[in-house]
Every structure is written in C-alpha cells, then in structure tokens.
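Okay, structure first, notes after.
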C-alpha cells in the first residue's frame, strides 16, 4: 500500500510496523488520519517513536477512531480522566497486567476495537517488551477439518478469570465481573477477514462441548496462536506509542525488569459485538 503523508516501516512481513512523519500531539488531518487507519488495518499493530502527548492529547488521538472505553474492573487512577488506564510496575509489583497472551477485555459484550499505549518511563537496562500476534494467521494456518469444526462454536469470556486478583479482597463481593459469549472465529468488520478469538486471559470454555473436550480444544488453540512466526516484538523506548487492533491481535507483556519501574497511560477505543460471517 502506498502512503503519501506518513512513512511505514514493517517490523515483520506478518505483523507490526513503525510509523514516521506523525506528531500525535497535533490533530491529524483527514488524509493522515486515513493513512494511519489504513496502516493499522494492514499491519494490525503500529508503533510511533519520540512522541510527547498530554493526557488530553492522548485522548483526542484515540477519539478520532471512536468513543473511549472505561475499563470495567481496573481502578481509576486519575479521577478526572476515567478513560485513562495507568500501566505501572515498580519494586513493589509482584505481577503485572497482561503477563499472558490475551485480547483486551474480551469479556465485554462489545469488546474494544483497539488500544493505544503511551509509555513515558521504561526500565534502564531494557526489558518490558510487548509481543503481538496475528490472529488472522492463527486462523488461516489451521487445517481445514479444524476450521470446519470451529464454525458455529462460541466461547464464554469472563472478567473474573483475568481480573479477580487485581481487586482487594474486601471489594470482591461488590465488584461486577462482565462476561459474554462470542464466536470462536470472528469476522473483522472492516477487512472481512476471519480471526481466531479465544485467549488465555479471559476465555473459560466452549459451551457446545463437554468440559474435557473444551479444555483440550482451547489448549490446542492457545498453543497454536502463540506460534512465534505469527508474532512481532516491540522494544519500548521513552515516549513510544503502540496502537493495536484488538479484533485481530493478541498481546503479551513481558515482566522481566523487576525491580525497575515501567509507567505509561493507555486509552482504549470502544468496539462492536463480534460476529461470524462465512467468507
């Protein structure tokens, strides 16, 4: 794809690209917005270096792509900005969010379309990379009998699986944990491509199957979607930004930098209800 207002440098042939020639602190013109959107659709996750944004500018960039999502379980760290999810780890952290492969908030009835993470502090000696995986490729590389079996199956996604540990014990009885049932294979509403849509973080079971069948099938799919050839790995620098399509990717945050500090803000863009439409 030819771009006129931005420069796109692919990280791998399968997924990921760095974008140059964009200042995210300034409103995007219509052409530049369209080309950033097209680059996201083509590469599934895009990265920007050396950006300096205020919280309001971060939110404004996200809103160009849709209304902003408020996380159902994460604490609101900045009361005047409930749409901001603070991503933080330091010498007190025993674990961090996103340490296993997942799709953001797939437990919602309408999971987010994408997330934009702006990292302002990174560990001094490296570490804290984020891995992203292409769920189109995860589906495309399944055998035809497995694809046929998955057609018509759905999966239950539950927030309590991913977020229960993050809530203080005395708050858990009052906390609502969203859950939803989505097709195991979803059709992307923009590209029309099929993507695998189950993940270790939120998916509980496939209700059409017996428990042992569901467990075995999900474990096989999890191992398959974690295939290295489906992935790219992003090395964060101060003031880097990652923008991923939550409908066609999964990601995994490395926690290999303890006791150093890593800090950033994330905005998440509302999405729509997953569906399956035969090609």
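All of the numbers you see were taken from the coordinates with simple rules; none came from a lab. What you are looking at is a predicted structure, and each value in this text was computed from that prediction instead of being measured. FYI the Cβ positions are ideal-geometry reconstructions off the backbone, even for glycines, and counts take in every protein chain you see.
For labels at residue 34 and residue 10 in the simple 7 Å Cα→Cβ model, what's the distance in nm?
2.3
Can you tell me how much longer the chain between residue 125 and residue 263 gets when fully stretched, taken as 0.36 nm per residue apart minus their C-alpha distance, in nm with one decimal?
Gain on extension, residue 125 to residue 263, equals 48.2 nm.
In the Gaussian network model of the chain, springs joining C-alpha atoms below 10 Å, which of 160, 106, 214 carries the largest mean-square fluctuation?
Among 160, 106, 214, the largest mean-square fluctuation in the Gaussian network model of the chain belongs to 214.
What nm value, rounded to one decimal, do you get for the distance between residue 80 and residue 49 when each label is placed 7 Å out toward the C-beta?
Simple spin-label model gives 3.4 nm for this pair.
Compute the length gained on full extension between residue 56 and residue 41: take 0.36 nm times their separation in residues and subtract their Cα-Cα distance, giving the result in nm to one decimal.
That pair, residue 56 and residue 41, stretches by 2.9 nm at full extension.
Using the per-residue mean of other Cβ atoms lying within 10 Å as a proxy for protection, in what order, highest first, do the peptides 185-193, 50-58, 145-153, 247-255 fall?
The packing order, highest mean first, is 247-255, 185-193, 50-58, 145-153.
In whole percent, what relative contact order does the chain give with Cα contacts below 8 Å and a gap of six or more residues?
35
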